[in-house]
Amino acid sequence: MKKDIFIKHITRENMEVNDYFMVIKKGIFSSKNNTKYMSVELKDKTGRIEGKVWDNADTYNNLFDKNDIVSIKAKSKFYQGKPQLTINDIRKAEHNLALDDMRAFFAESEAGIDLLKDEYYKVIDQLKEPHIISLFSVLNSRKDTLEKFFIYPASIGVHHVYMGGLLEHSLSLVKMGMHAAKTIGGDTDIIIAGALLHDIGKVEEIEMRGGFKYSDRGRLLGHITLGVIMLEAFIKDIPGFPAHIADVLAHIIISHHGVEEWGSPKKPMSLEALMVHYLDNLDAKVMGVKEHMRDNMEDEKWTEYHKLYESRF
């Protein structure tokens, strides 16, 4: 699937808009003359737009659901200065989209996923411990897991809530951790590996179903448990992997939330685990506040109240 027309391109009346969009809302309503029509809200990575289906609303209503990717044929119009679509045909896309194709419909890391991928491979090239190098060779061979790690958000509603967010967040911990190690010590290879793997379980905790949702497995086990299971599966493919390194990396995953009430069954008990925990908390909270500032300003200076952080900013 190749998407050519994005919502930001709809800038004039009577444009032919024949392309793919994601359905955010849909509903059947009655006009003043008691004729049924359908209203839909559509989105892609550049914004949202309202569309109306004036003819055969009931028929088209049965052809797609909320969160589906739909193919539409429409013309643009402007109402009160905003673009809208008069839709002549709308139906669910015939083929399931590859994960990479979904990048057309969701906001993406400002750094750009391709640039973040390059950073990831450069970081891996800096590793020196041979068993940890082998560990990432195994991860890199799991193409489905690696693609999700590169493209998934870091969370659904708290921080780095955009495509590439998980990779961006993990690399942020790597970069801060490497600087910290030069100042206060710590094993750089363990810090790099722990930072990259601390949230790896999120590729199974989250799934793509129209939008990003928690999977059943994610709700039942959580990303910390899933991360340890995935680490153990990687290590099984590496003959002679040292048990101590395996335990140290598993401990970083288990303890990175810091305390039991935040989901960690163990507190950090090594320099590297302490660093990953505090840097994870710092990066998540700062980015969460930045995203809150972007979308929830009460006036030119102050944000609305942030319920999770219990403050304005």
Task: Set of the range 1-38 residues, backbone N closer than 20 Å to the point 7 Å along the Cα-Cβ line of residue 82 - done: 6-15, 17, 21-32, 37-38
- [ ] Just tell me which aspartates and glutamates come within less than 18 Å, Cα to Cα, of residue 82; anything on the same chain fewer than 8 places away is out.
- [x] 13, 16, 41, 44, 50
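Find out how many positive minus negative residues lie around residue 54, taking Lys and Arg as positive, Asp and Glu as negative, among other residues whose Cβ is under 14 Å from that of residue 54.
Details: positive: 32, 36, 52, 73, 75, 77; negative: 50, 55, 58, 89.
Net local charge, residue 54 excluded: +2.
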Task: Two-decimal Rg to Rh for the range 7-92 - Kirkwood Rh, Cα set - done: 0.94
Task: Label-zone membership for the range 95-121, site residue 2, 7 angstrom Cα→C-beta point, backbone N under 19 Å - done: 95-105
- [ ] Based on other C-beta atoms within 10 Å, arrange 293, 176 from fewest to most.
- [x] 293, 176
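Which peptide among 159-165, 33-39, 197-203 comes first, and what is the full order, when sorted by highest mean count of other Cβ atoms within 10 Å? Mind dumping the intermediate values first?
Values: 159-165: 22.6, 33-39: 12.7, 197-203: 25.1.
Ranking, from highest mean packing down: 197-203, 159-165, 33-39.
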Task: GNM top mover of 189, 19, 237 - the chain, alpha-carbon springs below 10 Å - done: 237
- [ ] Just need the relative contact order of the range 106-295 here, percent rounded to a whole number, with Cα pairs under 8 Å and 6+ apart.
- [x] 20
TODO: Could you work out which residue, out of 285, 92, 82, moves most in a Gaussian network model of the chain, that is, has the largest mean-square fluctuation with Cα springs under 10 Å?
DONE: 82
Task: Angle between the chain longest axis and helix 243-255 axis [Cα atoms, degrees, rounded to 10] - done: 50
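In the range 97-205, what GluC sites (Glu not before Pro) fall in a loop by DSSP, with at most 10 other Cβ atoms inside 10 Å?
On the way: sites: 108, 110, 119, 147, 168, 204, 205; in loops: 110.
Within the range 97-205, the qualifying GluC sites (Glu not before Pro) (loop, at most 10 other Cβ atoms within 10 Å) are 110.
Evaluate E = 1/(1 + (r/R0)^6) for residue 179 and residue 125, where r is the Cβ-Cβ distance and R0 equals 25 Å; express this FRET efficiency to the nearest 0.05. Could the numbers behind the result be given before it?
Values: r = 18 Å, r/R0 = 0.73.
With a Förster radius of 25 Å, E is 0.85.
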- [ ] Taking the Cα centre of the range 121-273 as origin, sum charge times position over the Cβ atoms of Lys and Arg (+1) and Asp and Glu (-1), and report the length of that vector in debye to the nearest 20.
- [x] 240
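Which ordering of 135, 116 is given by a fewest-first count of other beta-carbon atoms within 10 Å?
Working: 135 24, 116 19.
Result, fewest neighbours first: 116, 135.
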Task: Where only alpha carbons of the chain are counted, the Rg and the Dmax (Å) - done: 22.9, 77
Task: Dipole axis of the chain (+1 Lys, Arg; -1 Asp, Glu on Cβ), positive-most option in 39, 6, 120 - done: 39
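Add +1 for every Lys or Arg and -1 for every Asp or Glu among the other residues with Cβ under 11 Å from the Cβ of residue 205, and state the total.
On the way: positive: 148, 202, 213, 217, 219; negative: 199, 204, 207, 216.
Computed value for this residue: +1.
Count charges around residue 2 for me, please; just the other residues with Cβ under 10 Å from its Cβ, Lys/Arg as +1, Asp/Glu as -1.
Values: positive: 3; negative: 4, 19, 101.
In short, -2.
Computed from the coordinates by the stated procedures, all read-outs in this text should not be read as laboratory data. Keep in mind that what you see is a predicted model, and the values were worked out from it rather than measured. Glycine also receives a Cβ, built like all others from the backbone with ideal geometry; neighbour counts cover every protein chain displayed.
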